[in-house]
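The values are calculated or read from the model by the stated rules, or taken from the named source; none is laboratory data. Just so we're clear, the structure is a prediction, and the values are computed from it rather than from any experiment. Every residue, glycine among them, receives a Cβ derived from its backbone with ideal geometry; neighbour counts consider all protein chains shown. Just the protein is used for accessible areas: all its heavy atoms, side chains included, with ligands, DNA and RNA removed. Shrake-Rupley method; radii C 1.70, N 1.55, O 1.52, S 1.80 Å.
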Amino acid sequence: MRRPAAILIPAVVALACLPSAVSCRPKSHAPAWVQAAPGDSLAAFSGEAGWMLTHKEVQSFIARDPMVERALDLFLQKARINPRTETGRVTFHLLGMPQVKENSLQKGLEHALIQLNQFKDPAALVGALSESFPQEGSLRLQGRDWPLYVILDVEANGVKAHIRAASDEKGQIWIGSLEALTRLASKEGLASQADAALAAEWISPRAPFQGYLQPEALLGGLRQNLDESIVKELPQGVTALFWSITPAADKDQPVHFELALAGQPEGISRVAPWLQRLIAAANAVQSSPGSAPELMQEKKRVGLRCTLTPDQLKLVMEKLGQPGISFTLPGGGRKA
């Protein structure tokens, strides 16, 4: 089965060296995509639209799930969205966990949800949605009923999948199967979960690339995918992991990296050996000394931020079971 999970678990973290002091960092609000993210999200990969929708390596990940790729392409074409000039953000969520025998088209799509938000003209985006796709039914979000729009209906081997899109009062667009959208509507948001909210506060809201993992739930269903990953070595009780990446304009310049984990105090107190293993992986390819990472620690969360060389980031991603990606922003500098 081609799982949407394949595009939703990018590299989690890489560190240059272990800091010797604990420091405090002022709290920041959770990124906008987190505030609206579904509570069922087990993993997410979020990036600037212009980069996510044109980057060849990201596109190859999306292509692993042909129906997700087809639905997104169709929406972009009919809504007349130019990825190269758009300023919004695209986020891929993994909802729930595909079971071993869930290899049908419908079951696969039940677990993928696409979120588009922070676009420069959300009213125009919602208008393009209503003008380009027929309306069919409604979805209750944030206490209101919002129209559902037909993106496409697919049938393969006698199995039907109904891909729909909906918007909300903030002008965000959600694309997924009826099953995935129903799950979005029936659960409280990710930001309402205490541990997720704590961890999300410690990544930069404006970082071009961000992600989230729910480690314990993922390990229960994606053991095969994570067998070679250091994620499986996290102590029990760590329930939320957020990361962010802010590249430099020059592909050879260091990448700014942030990591935040939250959970039970017992789990957070045992995270240090796990961090040391991450450090060792990065040091294995350290080509030049970087700035000393900053450590932030509280009772229920721990955070780190540092700079990495592109080679360090690439190798650690590969050690985490992920292909190397060039996180270089086209024609611009760092934004966070």
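Quick notes
- The portion of the accessible surface of the range 181-272 made up by carbon and sulfur, rounded to a whole percent, is 45 (1.4 Å probe; DNA, RNA and ligands excluded).
- Here the peptides 123-130, 234-241 are ranked by packing, the mean other Cβ count within 10 Å, and the order with the highest first is 234-241, 123-130.
- Inter-label distance, Asp121 to Glu169: 2.5 nm, where each label sits 7 Å from its Cα along the C-beta direction.
- Once you reduce the range 38-83 and the range 195-221 to the center of their Cα atoms, the two points are 19 Å from each other.
- Placing R0 at 45 angstrom, the Cβ-Cβ distance between Arg206 and Glu155 gives a FRET efficiency of 0.60 after rounding to 0.05.
- Zero-based 5 Å bins, Cα pair distances in the range 253-315, whole percents: 4, 17, 26, 24, 14, 10, 5, 0
- Residues listed by number, the range 179-203, amide nitrogen under 16 Å from Ala272 label point at 7 Å toward C-beta: none
- Ranking by accessible area, most exposed first, for Arg89, Arg80, Arg140 with a 1.4 Å probe: Arg80, Arg140, Arg89
- Portion, in percent, of the accessible area of the range 27-72 that falls on carbon or sulfur, probe 1.4 Å: 51
- The residues Met52, Met67, sorted by heavy-atom accessible surface at 1.4 Å with ligands and nucleic acids left out, run Met67, Met52 from largest to smallest.
- Of the residues Arg144, Arg64, the one with the largest accessible area comes first in the ranking Arg144, Arg64, computed with a 1.4 Å probe on protein heavy atoms.
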